[in-house]
Amino acid sequence: MIRYQLALFGHSQRYLFPGLAFLALLSVLYGAEAGSPAPPEFAVSAGVLTVVACWLTITLVDVEDPAQRLITLAHARKLSTMVIGLVLALFACCAGLTVLALIWSIVAHGGDSLGDLGSAALAHLAAASAGIAIGLPCSRLLVPRIVYSAFAAPIALAVVLMSRWLPLVNPMLRALSSNRPAAFDVVVGLLTSLLALAVSAVAVTVLVERRS
């Protein structure tokens with residue numbers, strides 16, 4: 001199922017716009033002078049990855065029309081298998097973007113500390129989890145029209161990225177951008193984001209099954 005989702009996404013070429021947007025961000029972010037502190041830049045790229053992960057989720061789900069999704073579901077045998085395959089395929093895409101961001105930072109700064117790179121990797125994983133968690137219920141799995149997704153997803157992303165009281169992305173990004181030790185905030189952000197993703201996947205699966 002993961003291989004099928006990745007192949008479907010690749011043939012559709014709908015990954016190009018979000019992927020190019022992330023590349024453009026990295027080119028601007030690391031186009032400044034080398035030697036600037038890495039953690040604040042990681043905060044920016046992780047925040048943007050939240051948006052890109054949500055964008056990729058909605059885009060990947062919308063590749064299939066309802067009839068084709070029924071065929072996929074018949075091969076998967078269970079809706080939960082299809083949703084898990086979808087989530088893991090999206091994680092693979094986001095992992096590739098994360099590795100690209102880390103390598104670009106290493107090249108731009110002439111080498112980052114292992115602590116900064118470890119925190120950055122976990123922060124990007126947390127950001128991707130939050131973005132996928134938002135994208136699933138805003139996709140065609142639950143929302144019938146893309147225009148509704150275009151309203152719902154930005155509102156949810158704004159709440160997650162800007163609300164300090166939500167222990168998902170905002171506290172983690174603020175800790176990184178302050179250039180102070182952020183390991184605790186990153187771990188909390190990762191755990192809560194993974195929990196939010198699990199809740200989102202289960203909720204979407206249950207609601208889709210009840211509607212069918």
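The values are calculated or read from the model by the stated rules, or taken from the named source; none is laboratory data. Everything quoted here is computed from the prediction, not taken from an experiment. Here Cβ is always computed from backbone atoms with ideal geometry, including for glycine, and neighbour counts include all displayed protein chains. Heavy atoms of the whole protein, side chains included, go into the accessibility calculation; ligands, DNA and RNA do not. Shrake-Rupley method; radii C 1.70, N 1.55, O 1.52, S 1.80 Å.
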(request) Determine which single condition residue 188 fails, assuming it passes every other condition in (1) at pLDDT 95 or above; (2) under 14 Å from residue 119 (Cα atoms); (3) β-branched (Val, Ile, Thr). (result) (1)
(request) Would you check if residue 134 is touching an Asp or Glu at 6+ places or on another chain (Cβ under 9 Å), of a type outside the set (Ser, Thr, Tyr) and under 24 Å from residue 62 (Cβ atoms)? (result) no
(request) Please tell me if residue 115 is surrounded by fewer than 19 Cβ atoms within 10 Å (Cβ to Cβ), at pLDDT below 90 and assigned to a helix (DSSP H, G or I). (result) yes
(message) Checking residue 168 against (1) in a loop (DSSP other than H, G, I, E, B); (2) of a type in the set (A, V, I, L, M, F, W, C); (3) more than 15 Å from the chain's Cα centre (by Cα); (4) under 15 Å from residue 49 (Cα atoms): exactly one of these is not met. Which one?
(response) (3)
(request) Residues being among the acidic types (Asp, Glu) and under 23 Å from residue 139 (Cα atoms): count how many of those fall in the stretch 159-212. (result) 1
(message) Looking only at the stretch 35-70, filter to residues that are among the polar types (S, T, N, Q) and farther than 14 Å from residue 18 by Cα; which one of those is modelled with the lowest pLDDT?
(response) 36
(request) Select from the stretch 1-18 the residues that are within 16 Å of residue 69 (Cβ to Cβ) and among the polar types (S, T, N, Q) and write down the one among them that is surrounded by the fewest Cβ atoms within 10 Å (Cβ to Cβ). (result) 12
(message) Out of everything in the stretch 118-161 that is surrounded by 22 or more Cβ atoms within 10 Å (Cβ to Cβ) and outside any helix (DSSP H, G or I), what residue ends up being modelled with the lowest pLDDT?
(response) 141
(message) Just to check your reading of the model, which residue among 47, 85, 96 is closer than 20 Å to residue 2 by Cβ and open to solvent by less than 30 Å² (accessible area, probe 1.4 Å)?
(response) 85
